[in-house]
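Take a look at the structure set out below.
The values are calculated or read from the model by the stated rules, or taken from the named source; none is laboratory data. In this text the structure is predicted, and so the values were computed from the model without any measurement. In this analysis, Cβ positions are derived from the backbone assuming ideal geometry, glycine residues included, and neighbour counts consider all displayed protein chains.
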Amino acid sequence: MVHSQTDLEFSPPEPVAGEDPTAGTKGRTPVSGGHLALSAVLPGFGHLVRGEWVVGMVFALTWAAFLGVAFIVWDRIFGVFGGPRTPFDGVLAVGTLGALLLVVWGGALYDLAVRAKRPVKRYGDSQWAIATRHFRRNRIAVAGLVVMLVLYAVTLLTPLIAPFDPAAQGDIVQTRYLSPSFEHPMGTDKFGRDVYSRVLYGSRISLSIGFVAVGLSVLIGAAVGSVAGYFGRWTDTVLMRFTDMMLSFPRLILLIVTIALFEPTIWLVVIVLGLTGWMSVARIVRGEVLSLRSREFIQAAKVLGMSDARIILRHILPNTLAPVIVYATLGIGTTILIEATLSFLGLGVQPPTPSWGNMIADGRDALLTAWWISTFPGLAIVITVTAFNLLGDGLRDALDPRLRT
Amino acid sequence: MSIIEGQASRRVAQGDRALPDVDPLSGADIPLPPPKGDSDLRGSTPDDVEPPADALLVVRDLKKYFPIHKGFFSRHVGDVKAVDGLSFFLRKGETVGLVGESGCGKTTAGRTILRMEEATSGEVLFDGKKVFTMDRHDLRRLRRRAQYVFQDPFSSLNPRLTVGDALREVLTVHRLARGDAAQRRIGELLEIVGLSAEHGVRYPHEFSGGQRQRIGIARALAVEPDLIICDEPVSALDVSVQAQVINLLQDLQDEFHLTYLFIAHDLSVVEHISDRVAVMYLGRIVEIADRDDIYRNPLMPYTQALLSAVPVARPGHKRERIVLRGDVPSPANPPSGCPFHPRCHHPLKDADCAKIVPPLADKGGGHFAACIKVPLGSAD
Amino acid sequence: MISYLIRRLLGAIPLLLGILTLIFFIINIAPGDPTARYFNPNVAPEVIEQMRRNLGLDQPLHIQYFRWVTSFARGDFGNSFGQMRPISEILPTVLWNTIQLMLISIIIIFVVGMLIGMYQAVRQYSASDNFLTVAALFFYSMPSFWFALMLILIFSLKASQWDWPIQFPASQMTSVGYEFMAPGEKIWDRLMHLAMPAIALGIGSAAGIARYMRGSMLEVIHQDYIRTARAKGLSERVVVFKHALRNALIPIITLLGLYLPVLLSGSVVVETIFAWPGMGRLIVDAIFQRDYPLVMATSFVAATLVVVGNLLADVLYAVVDPRIRTE
């Protein structure tokens, strides 16, 4: 055992940077069994009774909302399981609803029971913890996050909450081009289909295309960028020349050229979107890798005998994640816009499958007389992309400067 | 010849060796007096000497050049000669301090020796095996026996891994311990360097500079090496903390029988811990001797200047400083002959110094110096 | 700097070659045949064969490729399959139409964006700043074709329905009777037709520029030399316009060239909606008709525009930042 005699630092060190993240009970009053029981029956009310208004209201209102949805679509839920076949997305929707209810209920109990009593634990304060703290303080970004979560929840719950079947054409004469009313909040289109339901179903297409395409781009881009940045010299030159070449081409035109020449299907759209969007990610990752390469912990990993693959995967890539996450979030918004443009031109999702883009195209003919067909899908796009942009901006603020220590 | 006691502006006027009347601090080129016959090139160089049988590390004529590309076609126009012929050896259990100004190539030397960079030429033998021709497996085994401690405590640790995870990874990669045994070993390592086992769950940014340096040392110790190259390990730390870390390194050396190559730019730092000291200038070793010999009897004008700059903690003590004229020349374009001659204050400096590259010669009793004006026998 | 530019220019050549190859590759993998339009039971197979031979489609792929590349290098883009006339006749007019649109758009983007950004920076955190931030975000998140449709809806269709004093034309470049107008009237007519497409094309980018400008100005305004200028007693207007603006403009100016490809992509949709006879619409039509030479030619022109845009951005960057010049 080696102890330096004159070791001034021998006492256990205090955290050097920032606040102590693991403060224990936060000065809360102790929680009684009665509070827990009340929360088990009515999530949120346990908090309200103890005087924690904000948290309590949040739990109570979300619980009420989800429960309300469940009541309204009660027969639909039975329809999912009672019919001759059990449709997969129906099950998914019911499952999502159940999961959401469970999360709210469990979250309220957890907050009361566990967090109130946890002793002061000395856990390390990771970079992610720091970033989360800063993110939470940025209200607008949190709003963006909430909207995004709501959107994804809606896409999963659509089979339950859409009032009409999106493909159901009503009586052509009677029900077409109806203006917005209580029964059809967003009116009907040329075939008598309910625009609101179609907007909801369109959200599934747009959001999932956005997610998968960006995921593909990130995978390809991260691979290319990290290999180019790490191995340098010829690999770097060749890969970056290729990337520049791909970047030189206006993305939309390349997409149009490719999709128009083949059969436009959803899979093709997703894959081509993914294959044309990785370049910026590659540049970002390469830049980060280049700056990381000169950081001594990478050299240390080398001198400690770690293989290149291990260094790239465990040391370099996790440290490049921050700007990639920001870019990916903003990228989902951009991808949704591009997909809408493609569908508008007839090169994306084909009718009758509803996509916000092709709905806007449908409404073009009747723009003056039935403005609602084109307007509402566009509004949906604006709201969705705005949410992603807000979220992305918030992530950028929270992630970037803090992680340079 | 005894040591020259330097003064800030020293002029020598001795008969026909009078130097012209130029202000020595202006940096202007002083024309050199005609060559004399007292240049002494005798003495065996480290390359002539057989390294002792228990030498853990032998470096022979190590060279590392970085090519310079200029112009439209990125032509190879020259080289930055970072390391220009380094030869020395390290016995098992001893500490050699490698000292020099910034840019003299000592860090590059350290990295090249462990093959973190590929050398341009030369040979390094670790425990008799040639390092530069090792294949991947032998290199892997070398990594277990020779390690490196980095200069910057702030960037030498992965900010996303807890300290414990970083150490655990080393143990996993070299298959030294797993699971609970690994956890225990991590705790041991942390306590060895003066931290406590609970610190394993913390992240690097939660520690101070000195503590991070200790973690770096723990990480190097994790593989149980025989040799550790310490690259300016205390340069980034406060003075009070420097002493603690150096003491830690010494204690570790005693306990685990380690061999150190201690790279630093500060002679006072190196004095405490070294058995021998080597002084580098522009990629070459210009003086190497036992620690006491260097500090009591520095033969090279450069070493003398460096030593005169070391502060002495005695109030009222007047230092007689030798101030070197001019700037360090660029390693891409070293001066002809002796690389130090434009700044040298040796009274016998003449035109020979500009023509002859002085060999690192044994001036007596194992005290090597690269100066042709220092005669054989000066070190006895 | 000259050598840097020359190197960039030389580097652009393999870039363009690569793009041509990529397009050729995609076109030839795709199903579909330009002669497919002429298939019908009455047409003898030999006629189709002859047509293919005329168009050079019967040659092996690498020979076709070689011929394309060499004729492009000579500037000969061949004949359009669909329109049956030389592409070099078609392109200039179409290109000029698109350039008109892009020019007006760029002016709108940069002037509006910069003004708004500057205003926001000077009045940071005020109510108008917050409002403009939200508005900019909105327009930034808007699909341009939807915005174009809304513009048409409100300023064209509803305007004529509700009889507003100013009504914008919903399509085309010119009104009926354009040839008979006086020069002044012609210019006004053209501008009226340009207004909505240019706004639709540029609004998203303008919002983006406003965001950049705001950030850039804020950074500059908080610098010490601005404080010094104020301390010297200069009026706020001089401080902002003369000192802060010049430095804040630096990153923005370099964006000028980079927005060319963005505008080109946007023009595809906007031109389709407004029936504007420009490059964007031409590309789409050519692709749908499998008009290979036209597709290659227009893609090539598009790629060239992008490369020119990047070069322009580099040149402007060097012009604006004296540190680069001395490298």
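Structure notes:
- Residue selected from region B:342-353 under the condition under 25 Å from the mean Cα position of the chain (by Cα) and not in a loop (DSSP other than H, G, I, E, B), by the criterion surrounded by the fewest Cβ atoms within 10 Å (Cβ to Cβ): B:Arg343
- The combined condition, being more than 30 Å from A:Ile209 (Cβ to Cβ) and either of a type outside the set (A, V, I, L, M) or in contact with a His (Cβ under 9 Å, 6 or more places away or on another chain) (or both), is not fulfilled by A:Ile311.
- Near pairs, Cβ below 9 angstrom, 6+ apart or cross-chain, from region C:1-26 (surrounded by fewer than 11 Cβ atoms within 10 Å (Cβ to Cβ)) to any residue that is not in a helix (DSSP H, G or I): C:Ser3/B:Gly71; C:Ser3/B:Phe72
- Restricting attention to region B:133-160, the residues being more than 8 Å from chain A (Cβ to nearest Cβ) and touching a helix residue (DSSP H, G or I) at 6+ places or on another chain (Cβ under 9 Å) number 4.
- Cβ-Cβ distances below 8 Å connect the following pairs, each with a first residue in region A:91-109 that is of a type in the set (Phe, Trp, Tyr), a second residue that is surrounded by 20 or more Cβ atoms within 10 Å (Cβ to Cβ), and a separation of six or more residues or different chains: A:Trp105/A:Pro43; A:Trp105/A:Trp63.
- The one condition in (1) at pLDDT 85 or above; (2) within 12 Å of chain C (Cβ to nearest Cβ) that A:Glu263 fails to fulfil: (1)
- Filter result for the condition that a residue is facing chain A (nearest Cβ under 10 Å), within 26 Å of A:Asp308 (Cα to Cα) and small (Gly, Ala, Ser), over B:Gly194, B:Gly164: B:Gly164
- Looking at B:Pro311, B:Pro339, B:Pro315, B:Pro298, just one residue is in contact (Cβ under 8 Å) with a residue 40 or more places away in the chain and surrounded by fewer than 15 Cβ atoms within 10 Å (Cβ to Cβ), and that residue is B:Pro311.
- Some residue of region A:286-298 being touching a Leu at 6+ places or on another chain (Cβ under 7 Å), within 14 Å of chain B (Cβ to nearest Cβ), farther than 21 Å from B:Ile215 by Cα and of a type in the set (Val, Ile, Thr): no
- Matching residues in region A:234-267 - criterion: being part of a helix (DSSP H, G or I) and more than 29 Å from C:Gly309 (Cβ to Cβ): A:Ile266, A:Trp267
Yes or no, residue by residue, for (1) closer than 18 Å to A:Ile161 by Cβ; (2) modelled with pLDDT of 75 or more; (3) more than 24 Å from the chain's Cα centre (by Cα):
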residue	(1), (2), (3)
A:Val73	yes, yes, yes
A:Phe78	yes, yes, yes
A:Pro84	no, no, yes
A:Val91	yes, yes, no
A:Gly95	yes, yes, no
A:Leu100	yes, yes, no
A:Gly106	no, yes, no
A:Leu109	no, yes, yes
A:Lys117	no, no, yes
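- From the list A:Ile316, A:Ile336, A:Ile325, A:Ile332, the one residue that fits, being within 11 Å of chain C (Cβ to nearest Cβ) and either out of contact with any strand residue (DSSP E or B) (no Cβ under 7 Å at 6 or more places or on another chain) or not in a helix (DSSP H, G or I) (or both), is A:Ile336.
- Among the residues of region C:112-135, the one identified as outside any helix (DSSP H, G or I) and either among the charged types (D, E, K, R) or in contact with a strand residue (DSSP E or B) (Cβ under 6 Å, 6 or more places away or on another chain) (or both) is C:Arg123.
- Residue in region B:157-174 that is surrounded by 19 or more Cβ atoms within 10 Å (Cβ to Cβ) and touching a strand residue (DSSP E or B) at 6+ places or on another chain (Cβ under 6 Å) present: no
- Scanning region A:293-302 for residues that are in contact with a Phe, Trp or Tyr (Cβ under 9 Å, 6 or more places away or on another chain) and surrounded by fewer than 21 Cβ atoms within 10 Å (Cβ to Cβ) gives A:Arg293, A:Glu296, A:Gln299.
- Residue count, region A:245-260 (criterion: free of Cβ contacts under 8 Å to residues at least 60 places away in the same chain and more than 7 Å from chain C (Cβ to nearest Cβ)): 3
- From the options C:Ile199, C:Ile226, C:Ile203, C:Ile166, residue that is assigned by TED's automatic domain parsing to the domain that holds C:Arg281 and over 30 Å from A:Trp372 (Cβ atoms): C:Ile226
- Spans of helices (runs of 4 or more DSSP H) in region C:269-327 with at least 1 residues at pLDDT 80 or above and within 20 Å of A:Ala260 (Cβ to Cβ): C:279-288, C:292-320
- B:Glu232 under 18 Å from the mean Cα position of the chain (by Cα), closer than 30 Å to B:Cys338 by Cβ and within 12 Å of chain A (Cβ to nearest Cβ): yes
- Scanning region C:223-279 for residues that are among the hydroxyl-bearing types (Ser, Thr, Tyr), more than 14 Å from every other protein chain (Cβ to nearest Cβ) and buried (at least 17 other Cβ atoms within 10 Å of the Cβ) yields a single hit, C:Thr254.
- Across region B:139-194, the number of residues qualifying as assigned to a loop (DSSP other than H, G, I, E, B), at positive phi and without any contact (Cβ under 8 Å) to a residue 40 or more places away in the chain comes to 1.
- Residue in region B:256-278 that is of a type in the set (D, E, K, R) and assigned to a strand (DSSP E or B) present: yes
- Restricting region C:142-155 to residues that are more than 21 Å from C:Met114 (Cβ to Cβ) and within 9 Å of chain A (Cβ to nearest Cβ), the residue that is farthest from the chain's Cα centre (by Cα): C:Leu153
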